[in-house]
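Chemist: I'd like to ask you about the structure that follows.
Derivation of every value follows stated rules applied to the coordinates shown; laboratory data play no part. Not measured: the values here are computed from a predicted model. All Cβ positions, even for glycine, are placed from backbone atoms using ideal geometry, and neighbour counts span all protein chains on display.
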Amino acid sequence: MPYLVINGGKKLSGEIVNQTAKNSAVAILCASAMIKGTTVLSDVPEIEEVYRIIELLKSIGVKVKKIGSKRYAINASGALTLSRIDRNASGKTRSSLFLIGALAARVRNFKLPKSGGCKLGERTIRPHVYALEKFGVKVMSYENYYEIKNAPRLKASKIVMYESGDTATENAIMGAVLAKGKSVIKMASANYMVQDLCYFLNKAGAKITGIGSTTLEIEGVAKLNPVTDYPIMPDPIVAMTYIAAGIVTGSKITVKNCPLDFLELELTKLEKMGQKFELKKVRLSKNGHFPVADISIMPSKLNALPDKIECRPFPGLNIDNLPLFVPILATAKGSSLVHDWPYENRAVSYLEIAKLGGKMMLLDPHRVMVEGPTNFTANEAICPPILRVAVVVLICMLAAKGKSILRNTYMIDRGYENLYGTLNRAGADIKIIKD
């Protein structure tokens with residue numbers, strides 16, 4: 001398998017253009033299977049996770065055609081055959097779960113292979129099951145697959161989400177959109193990808209109100225209409241990745257097209273640590289729904305936060321951005337407590353940074369103490385099987401003087417579009433070596 005050789009210790013400079021959102025794209029691609037007719041999506045990130053979803057859709061009978069740079073035409077007018085689903089692609093992405101909600105009103109009974117994705121410990125689908133069963137969807141779990149049985153016509157319902165998870169909320173939304181009557185979803189996730197999905201569905205004729213809040217009201221419609229063009233929103237997690245890379249390498253860079261609503265608390269934390277930055281050119285995203293700005297990062301001396309840092313559902317610090325604070329805290333003076341409560345294994349994986357000189361202590365499976373400042377040292381490592389932690393290891397290698405080797409980089413490629421080329425253009429020295 002290909003691996004990376006990183007000649008670290010180099011400053012980054014110039015402008016980096018943020019990519020569009022992985023988590024929006026995969027949900028909206030799956031939602032396109034709800035629509036009979038041709039829908040066009042633009043600014044779709046060219047990443048492995050998107051490719052796996054496209055493979056899944058094609059395998060069941062959805063026509064997906066690339067019609068330009070990052071533009072795809074999706075037509076789900078024909079019959080869908082779930083028995084032909086690409087099991088290999090399904091095994092590499094947890095996003096295949098979106099098909100449960102997306103197909104609830106189209107396919108009466110089907111089986112879905114159990115999904116892959118990041119290895120974050122036990123990841124239950126109970127929130128999905130509890131939400132969808134209110135609309136008439138039965139989901140039964142077996143060793144290697146889920147069996148889904150749907151009512152002839154889904155019925156609207158008032159539900160309280162068992163957990164305010166992003167994917168569970170999105171599945172509930174897709175179930176409610178074509179259900180007969182008015183649904184109310186309380187304790188819904190209001191995260192960026194949920195909002196983007198709602199705006200897309202509304203453009204297709206759905207009737208969703210309360211977008212951006214934890215209570216959604218959805219008036220069911222008989223059908224959705226093709227969308228002539230919907231641009232995917234910019235990715236707040238990738239934006240934070242480039243911001244973290246700039247901070248950890250002590251660089252001056254500008255990250256363009258950062259969705260501000262989903263980075264406000266992250267920027268506040270950085271400001272309290274002593275990080276200097278400037279917001280420029282505030283405007284609306286291409287799809288017209290999200291304020292974006294260019295964020296310039298300047299070299300700064302950082303101090304540890306006086307309180308623990310932890311993630312929360314939106315508008316709290318994003319769950320996927322918490323790992324990106326670990327290398328930042330490692331460069332700050334003092335001790336920092338990172339509380340990663342949602343997942344069993346992610347905090348443990350932060351210890352990979354110790355191989356690069358990070359001073360860390362695991363307090364329990366959810367808490368890590370980080371001591372700074374750190375002079376990162378070059379070494380060889382294998383990407384942890386967790387997307388955001390894998391990229392954190394790469395960021396530390398960028399700061400470490402000398403030659404580092406990073407293996408099993410498919411995990412990074414799942415969510416980042418031409419990351420290595422983008423960093424190289426900004427001054428990094430990353431080589432892809434093919435065995």
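Chemist: Applying 1/(1 + (r/R0)^6) with R0 = 25 Å to the Cβ-Cβ distance of Lys182 and Ser141, what FRET efficiency is obtained, to the nearest 0.05?
Modeler: After rounding to 0.05, the efficiency reads 0.25.
Chemist: So, one more: Just need the relative contact order of the chain here, percent rounded to a whole number, with Cα pairs under 8 Å and 6+ apart.
Modeler: 20
Chemist: Oh, and also: What pairs from Lys10/Lys359; Lys22/Lys158; Lys22/Lys269; Lys36/Lys207 go past 20 Å between their alpha carbons?
Modeler: Lys10/Lys359; Lys22/Lys158; Lys22/Lys269
Chemist: What is the fewest-to-most order of Met140, Met34, Met397 by other Cβ atoms lying within 10 Å of their Cβ?
Modeler: Placing the least packed residue first, the sequence is Met140, Met34, Met397.
Chemist: Sort 268-277, 246-255, 92-101, 341-350 for me by packing, meaning the mean count of neighbouring Cβ atoms within 10 Å per residue, highest on top.
Modeler: For the peptides 268-277, 246-255, 92-101, 341-350, the packing ranking is 92-101, 246-255, 341-350, 268-277.
Chemist: So, one more: By how many nm would the segment from Ile405 to Lys333 lengthen if fully extended, with 0.36 nm per residue of separation less the alpha-carbon distance?
Modeler: 23.2 nm is the gain from fully extending Ile405 to Lys333.
Chemist: Further question on the same structure: Set the Förster distance to 22 Å, then compute FRET efficiency between Asn375 and Leu351 from the Cβ-Cβ distance, nearest 0.05.
Modeler: 0.80
Chemist: Any chance you could run the full-extension gain for Glu264 through Glu133? It's 0.36 nm times the residue separation minus the Cα-Cα distance, nm to one decimal.
Modeler: 43.6 nm
Chemist: Using just the helices of the chain, give the 222 nm mean residue ellipticity in deg cm²/dmol: DSSP H runs with n ≥ 4 each add -39,500 (n - 2.57), and the total is spread over all residues, rounded to 500.
Modeler: When only DSSP H runs of four or more count, the value is -8000 deg cm²/dmol.
Chemist: What fraction of the DSSP beta bridges in region 22-231 is antiparallel, stated in percent and rounded to the nearest 5?
Modeler: Here the share of antiparallel DSSP bridges comes out near 80 percent.
Chemist: On to the next question. Charges on Cβ only, +1 for Lys and Arg, -1 for Asp and Glu, centred on the Cα centroid of region 22-231; of Gly61, Ala73, Cys30, which one is farthest towards the dipole's positive end?
Modeler: Going by the Cα projections, it comes out as Gly61.
Chemist: A further question follows. How many times 2.2 N^0.38 Å is the alpha carbon radius of gyration of region 22-231?
Modeler: Relative to the rule-of-thumb radius for its length, region 22-231 sits at 0.92.
Chemist: Rank the residues Tyr420, Tyr242, Tyr142 as a footprinting-exposure proxy: fewest other Cβ atoms within 10 Å of their Cβ go first.
Modeler: Fewest-to-most ranking of Tyr420, Tyr242, Tyr142: Tyr142, Tyr420, Tyr242.
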